[in-house]
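Each remark here refers to the structure printed beneath this line.
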Amino acid sequence: MEDPPPQEEDFTSLPISERLAHKNWKARVSAYNALIKTFGNTASDTDPAFKPYVNNADLLKKFATDANAVAQEKGVECLVALVKFAGETAAKTRETVLPALVDKCLGSTRAGTKTQAIELSMQYVEVENGGAGVAADLLVGLGAKQPKAIAGCVLALKELVRAFGVQAVPSPPILKALPKIFAHSDKTVRAEGSTLAITLYQYIGPGIEPWLADLKPVQVKELKDAFEALEKEGKGHKSLKPDRMTRAQSREVVVIDEAEVIEEEEDIAPPDPLAFAEPEDIVSKLPASFHTNLKSSKWKERKEALDDLLAIFAKFPRIKDASELSELTRTLATCIAKDANINCVMLAANAIEGLAKGMMSSFAKYREAVIPLMLERLKERKANVTDAIGAALDAVFNTTTLADVVPDLEAALKSKNPQVKEGTMKFLGRALASSKTPIPPAQVKPLAETLALLLEDSFEGARNEAATCFGTLMKMVGERPLNATMESIADLRKSKIKEAFEKATVKCKAGGPAPTKAPAAAPPKKAATKLPPKEEETPAPKKPAVTSKPPPKPVAKKPAAVPAAAASSAKKPAAGGAAGKSSGKATSSAAAANLDAVKYKHSSEEAEALAADLIPPSVMTGLNDANWKARLTALEEMTTWLETEVESLDAEVIVRALAKKGWNEKNFQVTLSLLIPNASAN
């Protein structure tokens, strides 16, 4: 009888530090897997789990140079997880890790290792907020002895350019390396060089041609044929757009998106008329029998008192704060929770709603006294009752913050009554969606864990609402802080959460306000992020053959567009030398006088007529549109039109037409885009 196969050794009982240094490659793989899981479950870039690794780049280098091929692949995957989740704090490890990656991984025969190595390179571009350092390390790899390592470096360079564009990954150093790549004896290296050149062409267009001067004529012809074929297929110059962003670019996009949402809400939302109303003292207007009737044992008398109260609210919707309202509020909340007559319950809920709306933020101090009592009555099965209580809860929430309300829900979320749990989560979902302030980080995990338990509730309504709340919470705080909780949730429930996440809308996101702390640095960066890459950004190599080429015509026209008076005034400070300080005011006034003296070639009527003939009607219509997005689209269309027609256009006509339409523009994105056609026209 054969002996059973020996049982595999379990390394999970060993500390991770011991497993990483273990002689058995399976122990190291176990450590890498554990770290991947740990890094993925961290709630933020500053999690303490990263510190032992981001501060020990030499240890990380060993991950990439693991002697076992299987362990090496898992080690590089672990590095990807570290840089991805540790973010910009991991950027400092690039100088040590990437050269090892170039040396040992990009030439690997294992496809998985090579794929993970390229992904790690991209992660470093993201966290370094630029690809200059990564590209420099990859270019060093072009001197490797093994052709497969060189081909891997060229492939990585191509992927970086394709994913991030030539703004994030500077093209001149890569362009300088093209002759070396195409001169290599290995055909795989040259083939990867061709794909790199094609990718560069899709971004910079004809600007690549001067850099091909040192290639063999047959190679130049093949590349130009490939470029022409791409143009015919519509995949040529400017067809490629970056599909990844650096961390800084991502933050800018978040700021811009939030600014757009705020702007749209300001445009759409009408002002609250209650904000302009004069607060009234309603205590003095209550009938003498009000308090007696409100506490009467007869439901009709209680109803009569509540009707009288609602009539006062209808007449005086803006309510002045008074100490007597504290007792009234508590009585109304008790009526909602305890009254046997559902008519009185609904009227009391309407009264709480009216008080909260009328007192506005002054009502917030009563929140803790009324919310638990109202949640308790959500056990009522009649929809008209729960709807009235729900409206009252929403009105109370609008007077306070999400951070204050969440603790008030704990008891109701653990209630034995399924209707109470369902109704409480409906209220929580509305609160998450409408809150103008994000939930504090300290409350995220406890709330997520509570919702995770409710996802397994025996009552279907509670399960569905838990998924909705979880998805809305995820929309607010992002997926990452919830990863650890999501891991313990069944796949079926996860799909429900993801579905709710896709449908959810929120008015604020956790971490959103942080980037706005540095508004001074944002404006110039926004322009750089939005503008498409231009050929002029890639300088031509300094060679006689290139300098003999005539410069582009639009550039040659620029000096002629500057008035002589303005040019002379610009020279004066240089001629003044040390005397410039004493004559500063005179120079400024002279410059202003010169600006005032500028003459137009056309009268206003002529300029308007010429603009109507020159500029496409669709552009002019779009510029007059009330929707800022339509105006932005029109400017983008105009920029494209100018690039093809710039040599034959009258700059004055274009600039004056845009000035008339755009100098009063209120939307900052449209204003930034407005500068691009003006620069092209000049």
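Values in this text are rule-based calculations from the coordinates and carry no lab data. If you're wondering where the values come from, they're calculated on a predicted model, not measured in any experiment. Cβ sites come from the backbone with ideal geometry, for glycine too, and all protein chains shown count toward neighbours.
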| said: From the phi angles alone, apply the Karplus equation (6.51, -1.76, 1.60; θ = phi - 60°) to the range 212-223 and give each ³J(HN,Hα) in whole Hz, x where the residue is Gly or Pro. | reply: 9, 4, 8, 7, 5, x, 5, 5, 4, 4, 4, 5
| Which whole-Hz ³J(HN,Hα) couplings does the range 225-231 yield from phi under the Karplus relation 6.51 cos²θ - 1.76 cosθ + 1.60, θ = phi - 60°, glycine and proline marked x? | 4, 5, 4, 5, 4, 5, 4
| task | Apply the Kirkwood formula to the range 16-232: the hydrodynamic radius equals the inverse of the mean of 1/r over all pairs of different alpha-carbon atoms; give it in Å with one decimal. | result | 18.1
| For the range 607-646, taking Cα atoms only, what is the radius of gyration to one decimal and the Dmax to the nearest whole Å? | 10.2, 28
| remark: Note: residue 403 to residue 183 extended length (0.36 nm per residue) minus current alpha-carbon separation gives 72.8 nm
| task | With r as the distance between the Cβ atoms of residue 281 and residue 338 and R0 = 35 Å, compute the FRET efficiency 1/(1 + (r/R0)^6) and round to 0.05. | result | 0.75
| request: Note down the net charge around residue 188, summing +1 for each Lys or Arg and -1 for each Asp or Glu among other residues with Cβ under 14 Å from its Cβ. | output: +3
| request: Mind ranking 118-127, 499-508, 354-363 by how tightly packed they are, going by the mean number of other C-beta atoms within 10 angstrom, highest first? | output: 118-127, 354-363, 499-508
| Of 61/238; 26/84; 84/235; 414/445; 26/475; 338/498, pairs whose Cα-Cα distance is over 28 Å | 61/238; 84/235; 26/475; 338/498
| task | Please work out the C-alpha center-to-center distance from the range 377-398 to the range 163-231 and express it in whole Å. | result | 66
| Packing-based order for 612-623, 26-37, 465-476, using average beta carbon neighbours within 10 Å, highest first | 465-476, 26-37, 612-623
| query | Taking R0 as 30 Å, what's the FRET efficiency between residue 18 and residue 103 from their Cβ-Cβ distance, rounded to 0.05? | reply | 0.65
| said: As an exercise, use a Förster radius of 45 Å and the Cβ-Cβ distance of residue 232 and residue 502 to find the FRET efficiency, rounded to the nearest 0.05. | reply: 0.70
| query | What do the square roots of 5 times the Cα gyration tensor eigenvalues come to for the range 402-512, in whole Å, largest first, as semi-axes of the equivalent ellipsoid? | reply | 19, 16, 12
| message | Test of understanding: ordering 374, 245, 346 by Cβ neighbours within 10 Å, fewest first, what list do you get? | response | 245, 346, 374
| said: Between residue 89 and residue 57, what is 0.36 nm times their sequence separation minus the Cα-Cα distance? Round to one decimal in nm. | reply: 10.3 nm
